[in-house]
Amino acid sequence: MINEIAFLTCHQKETVVAPILNKQGFVLRLEKSFDTDSLGTFTGETPRTLTQVQAALKKAQLGAELSKCRYGLGSEGSFGPHPQVFLMPWNLEVLALWDRMNEHAIYAIFGTAETNYGSEKVNSLESAMSFAAKSDFPNHGLILGTPQDSYFAKGIVNKTEFQDRVMAALKISPSVWLETDMRAHLNPSRMRTIQHTAEKLSALLMSYCPQCKLPGYGLTEMVRGAPCEICATPTRIPRAEKWSCLKCDFTELHPLNEVAPAKNCDACNP
Ligand SMILES: [Zn+2]
Ligand SMILES: [Zn+2]
C-alpha cells in the first residue's frame with residue numbers, strides 16, 4: 001500500500017497520531033522489531049548521541065527500511081527548563097516523517113509548558129507524597145531512584161506501591177531521587193503534546209513547495225528587525241516569516257510588520 005507509514009514506537013503514541021494521519025489518507029503500521037530505547041532513553045540508562053531532530057529522523061528511516069514501507073515516522077521528545085521563563089518546565093516534541101522514495105523529510109516541532117516534568121530529592125514519605133501530588137500522580141507515572149540504585153523503579157502508577165517503595169528506599173538511603181515518568185503511555189500531558197505535534201504534521205502534509213511540489217513547506221524562521229516607527233532602528237520585533245523547503249531550498253519571505261512600536265526600540269526607549 002502506497003500510503004502506509006511505518007511507525008517505530010513502543011509507548012502507544014499511535015493512539016493519538018493514527019487518527020490524525022488517517023484523515024490525510026495515511027495508514028500507520030507499527031514496527032516493533034526494533035528497540036527504540038537502544039537509541040537512548042529518558043532515564044539515562046543508554047546515553048544519547050544524536051540531536052533530538054536527528055534521533056526522530058533516524059527512527060523514521062529505520063522504520064521505513066525495516067518494514068519496506070515508502071514512509072516512516074519517528075517521534076522524539078525532550079524535557080527541560082522553559083527557554084524564557086525561569087523555573088517553568090518545557091516539553092519539546094518532534095515528529096519526523098521520512099519519504100524513502102523522494103528521500104525527503106518533514107519535521108513537525110511543537111513546544112509547550114503544559115507538562116508535569118519535574119524531579120526532586122526527598123528524605124521523607126511526606127515530601128515524596130507532596131512531589132507525587134504536584135506531579136498529578138497516579139494519573140501520571142513516576143520514577144524512583146536512578147538506574148544505579150538497587151531500589152530503582154520506573155512506571156509506578158499505584159499509590160500503595162509508591163508508598164511501599166519510597167519507605168523501603170528510605171531505609172537504605174537517607175534521601176531518594178524522584179522524577180516524573182515522561183514515557184507517553186504513562187504521561188497523559190505528553191500524549192496531548194504529541195497529538196498537537198501530529199496536527200502540525202498534518203498541516204505540513206497539505207502545504208506544498210511552490211518549486212519542487214513536495215509537501216512539508218512551511219515556516220522555518222521568524223526574521224527579526226522591523227524598523228522603529230520613530231527612528232527606523234531595527235528592533236527585535238519580527239519583520240517577516242521565512243518559509244523554506246528542506247528539499248530544494250526554495251525560500252520565501254512573508255512580510256509581517258512594516259514598523260515596530262517605539263516601546264520596543266532600544267534607541268528611542270532603551
Ligand atoms: Zn522544494
Ligand atoms: Zn526608535
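Read the figures in this text as sums done on the coordinates, not as results from a lab. Keep in mind that this is a model prediction, so the values were computed, not measured. Here the Cβ is made from the backbone with ideal geometry for all residues, glycine too, and neighbour counts use every protein chain on show.
At a glance:
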{"read-out": "Cα gyration tensor category, rounded, prolate or oblate, for the chain with a/c compared to 1.5", "value": "oblate"}
{"read-out": "Part-to-part distance (alpha-carbon centres) for the stretch 162-231 and the stretch 45-106, which is given in Å", "value": "11 Å"}
{"read-out": "Dipole of the chain [Lys/Arg +1, Asp/Glu -1 at C-beta], most positive-end residue of Leu205, Ile172, Gln148", "value": "Leu205"}
{"read-out": "Sum of -39500 (n - 2.57) over DSSP H runs of 4+, divided by residues of the chain (222 nm, nearest 500)", "value": "-8000 deg cm²/dmol"}
{"read-out": "Student exercise, the stretch 48-180 dipole from Lys, Arg, Asp, Glu Cβ charges, in Debye to nearest 20", "value": "300 debye"}
{"read-out": "Protection-proxy order for peptides 75-87, 105-117, each taking the mean of Cβ atoms within 10 Å per residue, highest first", "value": "105-117, 75-87"}
{"read-out": "On Cα atoms only, tilt of 125-134 relative to the major axis of the chain in degrees", "value": "30 degrees"}
{"read-out": "Distance violations [Cα-Cα > 28 Å] among Lys23/Lys58; Lys121/Lys200; Lys58/Lys213; Lys32/Lys121; Lys59/Lys154", "value": "Lys121/Lys200; Lys32/Lys121"}
{"read-out": "Total formal charge among the other residues, if their Cβ is under 10 angstrom from that of Glu4, Lys/Arg +1 and Asp/Glu -1", "value": "+3"}
{"read-out": "Relative exposure of Lys242, Lys154, judged by other C-beta atoms within 10 Å (fewest first)", "value": "Lys242, Lys154"}
